[in-house]
Amino acid sequence: MSKSNQQFPINNPQSPIKTVGIIGAGTMGSGIAQVAATAGCSVKLFDVQQPALDKAATKLEKILNRLIEKGRIDADEKNRIQENIQYVNSLKELANADLTIEAIIENLDVKKKVFQELESYVSDTAIIASNTSSLSIASIAASLEKPERCIGIHFFNPAPLMKLVEVIPAVQTSQDVLDMCVAEITRWKKVVAVAKDTPGFIVNRVARPFYGEALRIYEEGIADFATIDWAMKSIGGFRMGPFELMDFIGNDINYTVTETVFNAFYQDPRYKPSFTQQRHSQAGYLGRKSGRGYYHYTDENAENAFAKSRKGASRPEGERSDKANSNTDEVVETQIFERILVMLINEAADALFWNVASAEDIDNAMTKGVNYPKGLLAWADEKGIDWCVSQLDALYDEYHEDRYRCSPLLRRMSREGNIFFN
């Protein structure tokens, strides 16, 4: 069902979204508030906990002061941003919001309850959005009297720095609401990728092999954590290796997302969680925030934990410690990189095959949302579609697991001699 342009005036030369409500004053919510306030919106940041609001205000003060020190803003701009944000502890205070973005716990029942209460306060034309990273937007929308007003607007952490925002319409979402949100988030100087309402959307779906295949390689005894990270960074050009990144995200969070996507896809083996990660999470080895994950961290050497690990320490500047085995090391590391890469490419191709997003949005999502050195589909063109298919078929022949099935799109493109981008 679709609202009329009279109710949702997307052709208005000035943005119809003047006031933005944010539910949740945690890291993500306060970050989104900063983005909206910087773009000139009047923002109301809501949280039931006053200490959370106070912390958000204090943190914003420090962030803006750092931006002044770096010469990116001046004192007047700092004051303007701060004056654009009002901190409130009653949901009723969001009654005049044109757009409200929820950024609270990843619990469907909790989100539904909050959305139902919010809808009783806001206007009939107000848009209600969720920042969820993996939950069904259709399920959230179903809790509303006007589900056509509901949409997913998924920022990445830290919201002020990360360029990508996934915009996810539910099957109930009106086209006008989608168009208005894309226009508004673009006005906030973000790169928008429109994604179908499927588990993990774009990034959290396509990125699963970066973690899952790295864990699989470790569990097979092919290489240790640091060697795998080294291969992805030194050969692949990734900013962080998979184990470094899981430690940064938190093994509890990363494992939960993997489990959520796995169950949402009806236990598809491509998304199967790892016992290694589960055990680390159960042991409290959560990563940087707990002082230990796949690497050890302390207050003194947290930034150097990777360099102090067994493999990392032996090669901090790109030198191999065992010159006699350098050729063998390089072959293994190349195999590690190519195995993880082709699994990522396969996932990106399958997302395109199932119309989750356009090829351009998929590649933008991975480069702007998780800082991949190249778009995966562009990478497939560079490596060769035939190469991708042969690598996947070799893995399938080796393991005979559905995990390694080649995307029908890649196989079709190989047969027809096509590429993703001309």
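The values are calculated or read from the model by the stated rules, or taken from the named source; none is laboratory data. Remember, it's a predicted structure, so these values are computed and weren't measured experimentally. So basically every Cβ, Gly included, is an ideal-geometry build from the backbone, and we count neighbours across all protein chains shown. The accessibility values were calculated without ligands, DNA or RNA, using every heavy atom of the protein model including side chains. Shrake-Rupley method; radii C 1.70, N 1.55, O 1.52, S 1.80 Å.
What are the residues in the range 173-198 that are within 12 Å of G152 (Cβ to Cβ), in a loop (DSSP other than H, G, I, E, B) and either under 13 Å from the mean Cα position of the chain (by Cα) or polar (S, T, N, Q) (or both), if any?
Within the range 173-198, T173, A195, T198 qualify.
If you check A365 against the conditions, is it touching a residue at least 40 places away in the same chain (Cβ under 8 Å), buried (at least 20 other Cβ atoms within 10 Å of the Cβ), in contact with a helix residue (DSSP H, G or I) (Cβ under 9 Å, 6 or more places away or on another chain) and of a type outside the set (F, W, Y)?
The answer is yes for A365.
Which one of these does I153 not meet: (1) under 17 Å from the mean Cα position of the chain (by Cα); (2) part of a loop (DSSP other than H, G, I, E, B)?
Going through the list (1) under 17 Å from the mean Cα position of the chain (by Cα); (2) part of a loop (DSSP other than H, G, I, E, B), I153 breaks only (2).
All but one of (1) open to solvent by 10 Å² or more (accessible area, probe 1.4 Å); (2) more than 15 Å from S407 (Cα to Cα) hold for A359; state the number of the condition that does not hold.
Only one criterion in (1) open to solvent by 10 Å² or more (accessible area, probe 1.4 Å); (2) more than 15 Å from S407 (Cα to Cα) is unmet by A359, namely (2).
Return the residue satisfying two criteria in turn: it lies in the range 291-303 and is touching a residue at least 12 places away in the same chain (Cβ under 8 Å) and surrounded by 16 or more Cβ atoms within 10 Å (Cβ to Cβ), and of such residues it is farthest from the chain's Cα centre (by Cα).
Per the criteria, the residue is Y297.
Suppose we keep only residues that are under 16 Å from the mean Cα position of the chain (by Cα) and within 19 Å of A351 (Cβ to Cβ) within the range 255-270. Which one would you say is most open to solvent (accessible area, probe 1.4 Å)?
Step by step, filter the range 255-270, then rank; the result is T260.
Kindly indicate which of S321, S314 is open to solvent by less than 80 Å² (accessible area, probe 1.4 Å) and either modelled with pLDDT of 95 or more or more than 22 Å from T198 (Cα to Cα) (or both).
Of the residues listed, the single one that is open to solvent by less than 80 Å² (accessible area, probe 1.4 Å) and either modelled with pLDDT of 95 or more or more than 22 Å from T198 (Cα to Cα) (or both) is S314.
What pairs can you find where one residue is in the range 381-406 and surrounded by 15 or more Cβ atoms within 10 Å (Cβ to Cβ), the other is among the small types (G, A, S), and their Cβ atoms are less than 6 Å apart, with a gap of 6+ or different chains?
If the second residue must be among the small types (G, A, S), the pairs left are I385/S414; C388/A380; V389/S414.
Within the range 407-420, can you find the residues that are exposed (fewer than 12 other Cβ atoms within 10 Å of the Cβ) and assigned to a loop (DSSP other than H, G, I, E, B)?
Within the range 407-420, just G417 meets the criteria.
Looking at the range 376-386, is at least one residue within 18 Å of K163 (Cβ to Cβ) and either within 19 Å of the chain's Cα centre (by Cα) or of a type outside the set (K, R) (or both)?
Among the residues of the range 376-386, at least one is within 18 Å of K163 (Cβ to Cβ) and either within 19 Å of the chain's Cα centre (by Cα) or of a type outside the set (K, R) (or both), which makes the answer yes.
Wholly within the range 203-254, which helices (runs of 4 or more DSSP H) include no fewer than the required count, namely at least 2 residues that are open to solvent by 40 Å² or more (accessible area, probe 1.4 Å) and among the hydrophobic types (A, V, I, L, M, F, W, C)?
In the range 203-254, 242-249 are the helices (runs of 4 or more DSSP H) which contain 2 or more residues that are open to solvent by 40 Å² or more (accessible area, probe 1.4 Å) and among the hydrophobic types (A, V, I, L, M, F, W, C).
Looking at the range 37-119, what helices (runs of 4 or more DSSP H) fall wholly within it and have at least 3 residues that are under 23 Å from I17 (Cβ atoms) and within 26 Å of the chain's Cα centre (by Cα)?
Because the criterion is at least 3 residues that are under 23 Å from I17 (Cβ atoms) and within 26 Å of the chain's Cα centre (by Cα), the helices (runs of 4 or more DSSP H) in the range 37-119 that meet it are 50-69, 108-119.
What number goes with the only condition from (1) more than 22 Å from K233 (Cα to Cα); (2) touching an Asp or Glu at 6+ places or on another chain (Cβ under 9 Å); (3) part of a helix (DSSP H, G or I) that V356 does not pass?
Every condition holds for V356 apart from (3).
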